[in-house]
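Beneath this line is the structure, given in structure tokens, with notes to follow.
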Amino acid sequence: MHRLLSRSHAFTLLELMVALGILVILVGIIVPKVSRLREVEQRVCCRDNLRRIGLALSAYGEENRGELPRVIYDQAHAPRSFTAFTGADALSPFTKDSAVAANDVTASLWLLIRGGYIKEPVSAVFICPSSGGTPDPMLDAHGSPTAIRWRSNFRSPNHLSYSYASPFSDAQGYGLKSDFLEPKFVLLADRNPGKGPSQDVTAPTPEAPPMTMRIANSRNHGQAGQNVLYGDIHADFCETVYCGVDGDNIYTAQTDQPVMTGQAPTANVRGFLGRNIGPAWPTDSYLVPAEGY
């Protein structure tokens, strides 16, 4: 009898081990599939966010003679520079003593919220669900709820998942005007990844294989690619940063100085990234802010 019980017990352990092995295999199959499905849903939501922002940009342009959102531009002292996330608690970004710095690209986007071009929940539209960011809580400097009209910028980079085509440049013919944008010009996209500490170039060449190209893609979607909003207000998911006009790298300026009138820019170049660099050509999409900039 003792021998039979021992055999029965051993058989039960073997069955349990087999069952656990099958469970591990199933988990290994199901979990990645669920993760992929979740990412697909998040990409769709992110793309819808860009479309909503695009419609708001279009409405802003219609009411402002075609001009897309832009705060004060210091053309005399910083014609190609940009700033970001300054003066969140300023009462206005346009007064002489405003805490919003000139050439602030994120305060320019905030004008869509301040002007009511994006309805509730306004700040959630600026968050990619794959990014880990959170909507701006609409609090003042002391942590108390405040009205939108008393805010002039996003509180921190954590509350903005996207980068905007810099409206600050002295390049001949450059300007964000809704009536003159080329359909392929990129207005907005998932956050510019910047340049990592181990990267000696801003981006791989356009001919680089997909796994190499990943280092240049936005981090919002695991560097698989980025959702991109074009001038004709349609949005697509692109697996390469070279998706602007004539293969423009949307996260860099084509050159570190404006392209002279009569000269053509070189297409498909890695480009330049920095706070003191701006769009170099009328169709040069330079989406900022970037990680680390």
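Volume per residue for the stretch 151-293 equals 118 cubic angstrom (convex hull of Cα atoms). Ranking ILE53, SER131, ASN153 by how far each Cα lies toward the positive end of the dipole of the chain (charges on Cβ) leaves SER131 at the top. Separation of the stretch 211-284 and the stretch 152-180, taken as the distance between their Cα centroids, equals 14 angstrom. For the chain, the longest principal axis of the alpha carbon atoms and the long axis of helix 2-63 meet at an angle near 10°. What the phi angles of the stretch 178-191 give under the Karplus curve with 6.51, -1.76 and 1.60, with θ = phi - 60°, is a coupling list of 4, 7, 10, 6, 6, x, 8, 5, 8, 8, 7, 7, 3, 3 Hz, glycine and proline written as x. The lysine pair tally for the chain, using Cα distances under 30 Å and a gap of 8 or more places or different chains, is 6.
Dividing the Cα convex hull volume of the chain by residue count, how many Å³ per residue is that?
182 Å³
Working note: Debye formula, equal point scatterers on the alpha-carbon atoms of the stretch 32-152, no solvent; log10 I(q)/I(0) at q = 0.17, 0.22 Å⁻¹ is -0.94, -1.31.
Net charge dipole, the chain: roughly 980 debye, given to the nearest 20, about the Cα centre with Cβ charges of +1 for Lys and Arg and -1 for Asp and Glu. Projected onto planes of every orientation and averaged, the convex hull of the alpha-carbon atoms in the stretch 85-148 covers 4.8 nm².
Quick note: the coordinates plus some simple rules give every number you see, no bench work behind them. Every value quoted in this text rests on a predicted model; they were computed, and no experiment measured them. Positions of Cβ are generated from backbone atoms using ideal geometry, with glycine treated the same way; all protein chains shown enter the neighbour counts.
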